[in-house]
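Novice: Before anything else, here's the structure in question.
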Protein chains: 2
Amino acid sequence: MPVGTVATVKAMSPDELKEINAQIILSNTYHCYLRPGHKFIEKAGGLHKFMNWDLPILTDSGGFQVMSLAGLRKITDDGVKFQSHIDGSYHFFTPEKVIEIENSLGADIIMSFDECPAYSSDRKYIEKSLALTLKWAKRGKLAHKNINQQALFGIVQGGVYENLRQRSAEELMELDFPGYSIGGLAVGEPKEEMYRITDFLNPILPKHKPRYLMGVGTPGNILQNIANGIDMLDCVMPTRNARKGSIFTWQGKMIIKAGRYKDDLRPIDENCTCYACRNFSRAYIRHLISLKEILGMRLATIHSLHFYLELTTRIREAILENRFDEFYHKYINILDSICE
Amino acid sequence: MPVGTVATVKAMSPDELKEINAQIILSNTYHCYLRPGHKFIEKAGGLHKFMNWDLPILTDSGGFQVMSLAGLRKITDDGVKFQSHIDGSYHFFTPEKVIEIENSLGADIIMSFDECPAYSSDRKYIEKSLALTLKWAKRGKLAHKNINQQALFGIVQGGVYENLRQRSAEELMELDFPGYSIGGLAVGEPKEEMYRITDFLNPILPKHKPRYLMGVGTPGNILQNIANGIDMLDCVMPTRNARKGSIFTWQGKMIIKAGRYKDDLRPIDENCTCYACRNFSRAYIRHLISLKEILGMRLATIHSLHFYLELTTRIREAILENRFDEFYHKYINILDSICE
C-alpha cells in the first residue's frame, strides 16, 4: 500500500496511482486528525471524496505516531495524552476517540488504537503494554459505529517475544476481528527477528482473514514476509527515498544523482513500462532531482511505486499459479541484496 | 508561453502541458548552459528529446539573466564575462557563443544575445547599450547555423525612449529577422510606460512577422499588449505564484491559504474545466499547499497555466471572429483589477 500520510500520496495524483495499478492506499489517522481535522474531512464527505480516491483506503491507529512523540506524551490506562508535533497543543487519544476519528475519516479498513513499544523496551514493559493494547482493542470494537462499511482490524503486539505474540494474537482472535495487523515490528530490530515473529504467527492467525504487517518494508522484507503468511504491507520507502533520488529497480537501488548517470540516456529500467521509463532518461531525471525540480521527484516516485506494485503483483500471480516457492528462491537473494 | 527554466515547466509533466493546450514553451539558455550543459543536451538529441516535449520551444538569449548578475559580470564590446550564480565559475558569452548554445539546444525559435539594461539606466547608457545589442544581433545572425530549423529573432531594446526604440527596430528590420522580440520591458517601469512603448512600436514593426514581448506579464498586461500588437509573451507568474498558493481566476487572484477557504468545498473556479477544478476542492488544495505538499503545487500550477492559456485562446478567438474590441473593453478593467 502506497502511503498517503496527510491525505495525499506524496508527489502523486490519484490518476497516476491508478495508472500504476494501486488498489489501496494508506493514510495516517494522527496526521489527518491534526490537519485538516477529522471533523472537517467528515464534512467534506470522508477521506475518499476529500482526496478524490474512490478505491479502498486503510487508516492506521495513530499509535505508532503518538508513541514516537517521546517526551511529548503520557500513557495512562485510559489513553494517551500528547502534544502535537506542529504547535505543541495538547490532545488526548482514547481507544474510543481513535475509532471516532477513523469513523469520520471513513476508510474501508481501520485499526484499533494500540501502544507500540520501542524495540529497546524490556519484556516486562512489553507485557504490560500488550495488556493495555488488548483492553483498548475491546473498547475500540465496542465504540466502532460503521461495522458494515469499515473493517476494524486488531493489532497484535508483543515485541520479539513469541509467547507474548501468541497471547496477543489469541486474545484478539477471541474478539473475532475481520482482519489482524502485526504492529511493533520494523522498529529497529534485525530483520531476522522480524521474520522469526511473522513466521511464528503464521500458523496461529486465522487463514481466511487478512494479515497486515504494519510499516514494512524493503523489497526483500516484502517477499520474505509474504512467504511467512503476510497479505498486506505499507511503507514510505518507495515514495520517501524516490524524492531524494534513491530509486528501486530489479537490478538494485539506483542513486540517480551519482555521476555515472550524468550522460546516461537510457531509461531507469529498460524493461519497465511506467510513465517515467517510457518517456525520460536517467540523465534527465538526474538533472531534475539534482535541481530539486518537482517533476524529478514525481518521475522517481512513479517508478519506485510502480516497482513495488509490480513486485507484489508478480508475487500474487506466482501464488495463484502455484509457483510461489520457485519465485521466492529465484528472487529472495536478489531483492535482499538490493536494499539493505 | 509557459516557462520551463531548466528544461522543465516547474511541477508539470509534458502530458499535463498538452492537456491544457500549451502550444509552445520557453526554456532559458543561461540555465540550460550551466546545467546540464548545452553540449550534453545536444548529445541527448536536443531540448525537445531531452525533456520529452515534441511541440515548439523558444529559448531566450541569456541576456536578461546575465545582466541580472550585477557585480558578477563585466560587459565589453565583444561580450559579457560573468560568474555562475551556482558555483562562481567564470564564463564568457559572446553573440556567437550564445547562438552556438542555442543551436545545440535546438529550440524552434531562438533569440539574439542582447544587453538588457535596468530601468534605472540613463538615456546615454541605453543609447550605448542599444548600439551594442545591434552589433551583437548582426554577429549572431552570421553565426547562426540552423537557419531552416530555428527561427532567430532580433531583440528591440531602447528602454522607455521612443526614438531609441524606433532606431533599434528599424536597424534590426534591415537585417530581416523572421520575428522581432521586445526586450527591456517589465524591468520595473510603470505599466503605462510599457504600454506606451508597445503601442509606439506597433506601426513600426512588420505586420506579417511575429512580435514577442519578453517576460510579460499579468493577465491585464497580456490583454493590453495584445491590443498593442503583440503576438507572443512568456512569464513565470502563473507557475511561480501558483506554487506559493496565489492562483489566477476570472474572479480575481485567489490566495488559497486564506482562512476563508478552509471549509470551502467548491472547486477553485466552478466554470473551469482543468484537472484541478474537475476533481478537487479549494479546501483540499489549501490543505495541500499549507503543508507544502507537491500535489498542491501541481494542482495550483495546472489551474493557473490553464487560466493563462484560456485567456490567450479567448483573445485569439475574439481576434479571428473580428470582435477583439468588444472583448478588450469587456475584460481590460476586470483583468487589470485581478493582479496588480
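Bear in mind these aren't lab numbers, they're just calculated from the coordinates by the rules spelled out. These figures come from a predicted structure and were not determined experimentally. All Cβ positions, even for glycine, are placed from backbone atoms using ideal geometry, and neighbour counts span all protein chains on display.
Novice: To the nearest 10 degrees, how steeply does helix A:162-174 sit against the main Cα axis of chain A, on a 0 to 90 scale?
Specialist: In chain A, helix A:162-174 runs at an angle near 70 degrees to the longest axis.
Novice: Further question on the same structure: When the expected Rg is taken as 2.2 N^0.38 Å, what fraction or multiple of it is the alpha-carbon Rg of segment B:240-338?
Specialist: Segment B:240-338 yields a ratio of 1.15.
Novice: Quick one: angle between helix A:123-143 and the longest Cα principal axis of chain A, in degrees between 0 and 90, rounded to 10, please.
Specialist: 80 degrees
Novice: Further question on the same structure: Among B:37, B:24, B:9, whose Cα projects farthest towards the positive end of the dipole of segment B:1-43, with charges put on the beta-carbon of Lys, Arg (+1) and Asp, Glu (-1)?
Specialist: Result: B:37.
Novice: Still on this structure: Using bins 10 angstrom wide from zero, how does P(r) for segment B:14-235 break down, in % of all Cα pairs?
Specialist: 8, 34, 38, 18, 1
Novice: Additional query: Just report the Cα centroid separation between segment A:274-328 and segment B:264-322, whole Å.
Specialist: Their Cα centres are 30 Å away from one another.
Novice: Right, another one. Measuring label to label, 7 Å along Cα→Cβ, what does residue A:240 give against each other copy in nm, shortest first?
Specialist: 3.4
Novice: Let me ask you something else. Looking at segment B:129-213, which trypsin sites (Lys or Arg not before Pro) are in a loop (DSSP not H, G, I, E or B) and have at most 10 other Cβ atoms within 10 Å?
Specialist: B:207
Novice: Then there is this: Compute the orientation-averaged projected area for segment B:81-139 from the convex hull of its Cα atoms and round it to one decimal in nm².
Specialist: Computing the convex hull of the Cα atoms and averaging its projections yields 5.2 nm².
Novice: Related question: When chain A is treated as a GNM, springs tying every alpha-carbon pair under 10 Å, which of A:104, A:13, A:168 comes out with the largest mean-square fluctuation?
Specialist: A:13
Novice: Compute the signed sum of charges (Lys and Arg +1, Asp and Glu -1) over the other residues within less than 13 Å, Cβ to Cβ, of residue A:259.
Specialist: +3
Novice: Roughly what angle does helix A:95-105 make with the longest principal axis of chain A, taking Cα atoms, 0 to 90 degrees, to the nearest 10?
Specialist: Between the helix axis and the principal axis of chain A, the angle is about 40 degrees.
Novice: Sticking with this structure for a sec: If you take each beta carbon of peptide B:298-304 and count the beta carbons of other chains within 10 angstrom, what is the mean?
Specialist: Mean shielding by partner chains, rounded to a whole number: 1.
Novice: While we're looking at this one, here's another question. Find every distance from the label point of residue A:334 to the corresponding label point in the other copies (7 Å from Cα along Cα→Cβ) and write them in nm, one decimal, shortest first.
Specialist: 5.9
Novice: Give the average over all directions of the projected area of the C-alpha convex hull of segment A:3-127, one decimal, in nm².
Specialist: Average of the hull's projected areas for segment A:3-127 equals 8.5 nm².
Novice: For segment A:159-289, which semi-axes, largest first and in whole Å, follow from the square roots of 5 times the eigenvalues of its Cα gyration tensor?
Specialist: Output for segment A:159-289: semi-axes of 39, 14, 11 Å.
Novice: Further question on the same structure: For residue A:156, what residues show an amide H to amide H distance below 5 Å, using hydrogens built from the backbone and excluding near sequence neighbours?
Specialist: A:181, A:182, A:183
Novice: Taking the Cβ of residue B:225 as the centre, find all other residues whose Cβ is under 11 Å away and add up their charges (Lys, Arg: +1; Asp, Glu: -1).
Specialist: After counting each charged neighbour, the total is 0.
Novice: Work out the length of the dipole vector of the protein assembly as shown about its Cα centre, built from +1 on the beta-carbon of each Lys and Arg and -1 on the beta-carbon of each Asp and Glu, and round it to the nearest 20 debye.
Specialist: 980 debye
Novice: Run the dipole for segment A:14-235 about the Cα centre, Lys and Arg Cβ at +1, Asp and Glu Cβ at -1, nothing else charged, and hand back the magnitude in debye, nearest 20.
Specialist: That gives a dipole near 500 debye.
Novice: Remind me, relative contact order of chain A in percent, using alpha carbon pairs under 8 angstrom and six or more residues apart?
Specialist: Reported as a whole number, the value is 13 percent.
Novice: Test of understanding: ordering B:68, A:246 by Cβ neighbours within 10 Å, fewest first, what list do you get?
Specialist: With the fewest neighbours first, B:68, A:246 line up as B:68, A:246.
Novice: So, one more: At residue B:90, with labels set 7 Å past Cα in the Cβ direction, how many nm apart are the copies from this one, shortest first?
Specialist: Relative to the other copies, residue B:90 has label-point distances of 6.5 nm.
Novice: For chain B, what does -39500 (n - 2.57) per DSSP helix run (n ≥ 4), summed and divided by total residues, give at 222 nm, in deg cm²/dmol to the nearest 500?
Specialist: Dividing the helical sum by the residues of chain B leaves -14000 deg cm²/dmol.
Novice: Which single residue of chain B puts its beta carbon nearest to the axis of rotation relating B to A, and what distance, in whole Å, does that give?
Specialist: Taking Cβ atoms only, the nearest residue and its distance are B:294, 3.
Novice: Given springs between every Cα pair under 10 Å in a Gaussian network model of chain A, which of A:318, A:300, A:70 has the largest fluctuation?
Specialist: Comparing A:318, A:300, A:70 in a Gaussian network model of chain A, the most mobile one is A:70.
Novice: How big is the Cα convex hull of the protein assembly as shown in projection, averaged over all directions, in nm²?
Specialist: Result: 32.4 nm².
Novice: Please build a GNM for chain A, connecting alpha carbons under 10 Å apart, and tell me which residue among A:86, A:20, A:41 fluctuates the most.
Specialist: A:86
Novice: By count of other Cβ within 10 Å, fewest leading, how are A:292, B:18, B:97 ordered?
Specialist: The fewest-first ordering by Cβ neighbours comes to A:292, B:18, B:97.
Novice: Largest first, please: the extent of the C-alpha atoms of segment B:36-79 along each principal axis, to the nearest Å.
Specialist: So the extents along the principal axes, rounded to whole Å, are 37, 19, 18.
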